[in-house]
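Have a look at the structure below before the remarks.
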Amino acid sequence: MFWRHFLHRDRMDREWRDEMESHIQILTDSFLAQGMTPLAARSAARKQAGNLTARREEIYRMNGIQWLDSISGDVRYALRGLRKQPSFTAVAVLTLALGIGANTAVFSVVNSVLLKPLSFPHAGELVDLGLVAPGAGGLIGSRGLRLSTSMYFTYAEQNRSFQSMGVWTSRAVTVTGLGEPEQVFARLVSDGLLQTLAVLPEIGRPLTATDQVTGANGTVLLSDGYWQRRFGGDRSVIGRKILIDAIPREIVGVMPAGFRIADTAADLILPLQLDRREATLSGFYLESIARLKQGVSIARANADIARLLPIWVRSWGSAPGGPAGDGGLAEKLFLSSWRIAPNIRPLRESVVGNVRSALWVVMGTLAMVMLIACANVANLLLVRVDGRQSELALRAALGADWTRIVRQLLVESLLLGAAGGVLGLGIAYGGLRLLVRNGPSNLPRLSEIGLDSHALAFSAIVSLVSSLFFGLLPVLRYARPGVSLTVRDSGRTMSHSRDRHRTRSTLVVVQVSLALVLLISAGLMIRTFQAMRGVRPGFERPDSLQTFRVVVPQPLVPKDEDATRIEQAIVSKVASLPGVTSVGFASALPMDDAPPNWDGILKEGQSYSQGNRPPMRLYVNVSPGLFGSLGTRLMAGRDFAWADMYAGRHFVMVSENLARELWGSAEVAVGKRVRAGDADVWREIAGVVEDVRYTGAQEAAPAIVYWPVFWQLHYAPVTIAARSVAFTVRTERAGTGALLNEIRQAVWSVNGALAVANPETMRETVGRSMARTSFTLVMLAIAGAMALLLGLVGIYGVIAYAVSQRTREIGIRLALGARPADVRQMFVRYGLRLCAMGITIGLGAAAALTHVMKSLLFGVAPMDPVTFAAVPLTLLVATLAASYLPARRVSAVDPVQCMKAE
Amino acid sequence: MMILRTLDRGPLHGYAIAKHIHDWSKGDLEVEDGSLYPALNRMLLKGWLKAEWGVTENNRKARFYRLTVAGKKQLETESTAFNKMVRSIQLVMRTS
């Protein structure tokens, strides 16, 4: 009722007017009937009716909502004012839009990546059952220790904390029988994994316990993407068989679109078929996911696993079917030496991994940019309100309450904030689209990033809070109760109140110091990037190095020696392609994220007592010629030879740092003998190669033992081949489609069932390993550039304003004989003084804050002297320019005109 | 209350209501006709009245006000309250 009256009150007002008009008509009629003249009747009627206009107003007000009315008046007034100064409005709105847009975009990223739950039912209950082993050295990466098969059985059967649990691992597999052989990414899952995630296939049936029995008929689940791509979404695929690694498997179901176990999507899901009889204590390669029981905390689950670890270590052997607990040695090794302990984390956290720090740094820097933007707008508003002082004074003199004036000013800044927020949302939307398309592919959950209600709410709050922030400054300056406003038009009194200027100067100082902090952060990242580019990674010219992976499956080529001979044949075929200078292959290439293999190595002539196990070294299998094609320098000795391998001669190669550590120098190491365990044969060191940064440009080169690609296992007298290998092709044609086609043909000419996977140039591999750094760098550089620009605009504004306000003073100075250059200098000095103050404060803040970035830096100290000197210098020079430009206007001042104007 | 009472007998337009009140009070209540309208608006807001456009006996366009159910109820409560008040005043006057 009430709202209807409010919304229709203009129409209702017209009705009242009509009604009152007719009231007068009727009255007039009755007076006419009494014999009055029309004129007299009309005026008598008016007299009796009274002041109808006043009544109408009364009714109008009665139907309205008082505060809403006056606010809408304020809004209209503010809009008119803003429209009248389009340049001020544009600058203010744009500044805010940039700030809000950047913040909203980054907030969306933070929200999607760090805050939003994973897209599984009750995802909060899901945990990753990782372990830590602080005593295991290099064996474990940043993700911690994974589970072994025996651990899975012990956990799954004896835990008291989980509703269900499962393990999984990934493998590239070759699919044949559907046109050209194709290598695709498969997840191998144990029983319980899909049940734990609580996701059912879209069509078909899930994997069951019977699929997991060793030797069961092969089954496979398709991902929605693979199903669409290879089968066009045909629902009749259920029951069809496809050849995976030369084994026929029946398609039993298709997973829903968007389903992924960890972060990256896989094409196929295969049963892992873990075998109890094959389970050993070690072999920590299984990722794990469990669903906590209702009310079980992570701490309790950790305690539960801590209880199970001794049970596990005493129940299983080191070799399949070996004595349980390995005669107590296993307990000593895993629990006393490695100190394996549970480290259960929410699944979300393990998916997000190490981007957390980078994202928070970026979020923090953009919050600073927002502060700078606010300071800038506040400065602009101060100027504006300054110009409107007499208007405000007049309003106050006419009886306007100070709250009324405050409200007027706040409404104006809220409008600016709202406009900036709306425009900022547009910027954020565009920025996010760009990010999702071009963002670092290793940013977890990238595909989930988008603007949602949280992001909208965030930008609304940022707009509101920032409007209040920059809106309150002018209010506090001018519209406080008791602040006397001067009606006199721009007082003749010369001296510009110092007090008023101080607010604006403070704002500029704050801006400069914030900008300095950001620029130093960006500078440190640039130095990090430089340092990373500058280190020799252990290989040469990554642009002219083409890589691809080939898997030779056991069912396709049962004999291991044949597998190696096939790989060798590929080498010679590819090497004969035009433009190719050298070819090699290895089980893992530098920085390619292949699952690493770590183990200890024993030096001949040194006794290793129990519990004094040798430290972990990276194991890589390399072909003869690999180092030649990579450009890795041979420091001493010689490369592997095909003939040695096939003849079963035992050679290894080592990295230079390992040679130095064990024997003092590369030359001495050649010819020395090592083995990987007490049961192993002695192997002679054929050669020593320079250090290679296998684990990433920003990580120190690990100590590496290079094994042949066809070698006798160190724990059993069995000679095996590396069946999943990455080839390196040195050619200027790297990265071209033509070369790839020729490579494919070459591989197929060796064996038609082999697929070429993951083709990329070494440059791309290196780029991927530096993605986090370059992402942080780009974000910080953008933030730094914005901060610099805004800071300079701030300085420019303050100086320009000071010049315009002090025209008279300048005129007098010039008239008294000051040279324009001196006066100009006065203003430039003023700008520089502000800048210097900002720099001093900023340097202090930066020194304190850059320590937070430590984990992102490489080869640069948080207090890098180059950055800490170059950035302030740049800022000073930029300030010089920003204050010189407005100061130049001094020359335009004509002293005569100035004096006359007085 | 007086307005509600005038409408108790049937719908009337503004002028007629004013005239009724004028006549009832025999000119004792000298109020401007216009002051009637804010009162009518208030009662419209409260939902006691409904207004419809119509034509007077002299062929003039006018809005006719009609009591709603809520208006009738209000009239009842108000007149009982008024009567009670008058009675108690009389009681006081008599006993003193």
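The values are calculated or read from the model by the stated rules, or taken from the named source; none is laboratory data. Keep in mind the model is a prediction, meaning the values are calculated, not measured. As a convention, Cβ positions derive from the backbone with ideal geometry for all residues, glycine included, and neighbour counts pool all protein chains shown.
Being within 19 Å of A:Leu713 (Cα to Cα) and out of contact with any helix residue (DSSP H, G or I) (no Cβ under 7 Å at 6 or more places or on another chain) is the filter here; which residues of the stretch A:647-677 pass it? Within the stretch A:647-677, A:Ala647, A:Gly648, A:Arg649, A:His650, A:Val652, A:Met653, A:Arg673, A:Val674, A:Arg675, A:Ala676, A:Gly677 meet the criteria.
The set of residues in the stretch A:539-571 that are out of contact with any strand residue (DSSP E or B) (no Cβ under 8 Å at 6 or more places or on another chain) and among the small types (Gly, Ala, Ser) contains only A:Ala569. Let me confirm something: among A:Arg83, A:Arg76, A:Arg56, which residue is within 14 Å of another protein chain (Cβ to nearest Cβ) and among the charged types (D, E, K, R)? Just one listed residue meets the conditions, A:Arg56.
Of all residues in the stretch A:232-281, exactly one satisfies the criterion of being in contact with a Pro (Cβ under 6 Å, 6 or more places away or on another chain), surrounded by fewer than 17 Cβ atoms within 10 Å (Cβ to Cβ) and modelled with pLDDT of 85 or more, namely A:Lys241.
Scanning the stretch A:4-47 for residues that are more than 12 Å from chain B (Cβ to nearest Cβ), farther than 21 Å from A:Ser72 by Cβ and of a type in the set (D, E, K, R) yields one hit, A:Arg42. Applying the set (1) of a type outside the set (Gly, Ala, Ser); (2) within 28 Å of A:Arg276 (Cβ to Cβ); (3) without any contact (Cβ under 8 Å) to a residue 24 or more places away in the chain to A:Val220 leaves exactly one unmet item: (3). If you go through the stretch A:54-108 and pick out every residue that is within 30 Å of B:Leu36 (Cα to Cα) and touching a Ser or Thr at 6+ places or on another chain (Cβ under 8 Å), you end up with 1. Considering the conditions (1) modelled with pLDDT of 80 or more; (2) farther than 15 Å from A:Asp18 by Cβ, B:Ser35 is excluded by exactly one of them, (1). The residue that is nearest to A:Ser30 (Cα to Cα), among those in the stretch B:40-56 that are facing chain A (nearest Cβ under 10 Å) and not in a strand (DSSP E or B), is B:Thr56.
Inside the stretch A:296-317, residues that are free of Cβ contacts under 8 Å to residues at least 40 places away in the same chain and crowded, with 19+ Cβ neighbours inside 10 Å make up a count of 2.
Results for (1) more than 22 Å from A:Arg633 (Cα to Cα); (2) in a strand (DSSP E or B); (3) touching a Ser or Thr at 6+ places or on another chain (Cβ under 7 Å); (4) not small (Gly, Ala, Ser), shown as yes or no for each residue.
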{"residue": "A:Glu667", "(1), (2), (3), (4)": "no, no, no, yes"}
{"residue": "A:Trp711", "(1), (2), (3), (4)": "yes, yes, yes, yes"}
{"residue": "A:Ile720", "(1), (2), (3), (4)": "yes, yes, no, yes"}
{"residue": "A:Glu742", "(1), (2), (3), (4)": "yes, no, no, yes"}
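Residues in the stretch B:57-76 that are over 14 Å from the mean Cα position of the chain (by Cα) and either away from chain A (no Cβ under 14 Å) or over 17 Å from B:Thr6 (Cα atoms) (or both): B:Glu57, B:Asn58, B:Asn59, B:Arg60, B:Lys61, B:Val69. Scanning the stretch A:565-596 for residues that are outside any loop (DSSP other than H, G, I, E, B) and more than 41 Å from the chain's Cα centre (by Cα) yields A:Arg565, A:Ile566, A:Gln568, A:Ala569, A:Ser572, A:Lys573. Hey, can you tell me all the residues within the stretch B:24-49 that are surrounded by fewer than 17 Cβ atoms within 10 Å (Cβ to Cβ) and more than 13 Å from the chain's Cα centre (by Cα)? Of everything in the stretch B:24-49, those that are surrounded by fewer than 17 Cβ atoms within 10 Å (Cβ to Cβ) and more than 13 Å from the chain's Cα centre (by Cα) turn out to be B:Lys26, B:Gly27, B:Asp28, B:Leu29, B:Glu30, B:Val31, B:Glu32, B:Leu45, B:Lys46, B:Gly47. The single residue among B:Thr6, B:Thr80 that is of a type in the set (Ser, Thr, Tyr), more than 9 Å from chain A (Cβ to nearest Cβ) and loosely packed, with under 11 Cβ neighbours inside 10 Å turns out to be B:Thr80.
For first residues located in the stretch A:855-872 and closer than 16 Å to A:Phe529 by Cβ, partners that are surrounded by fewer than 15 Cβ atoms within 10 Å (Cβ to Cβ) and lie 6+ apart or on another chain with Cβ distances below 7 Å form the pairs A:Pro862/A:His851; A:Pro862/A:Lys854.
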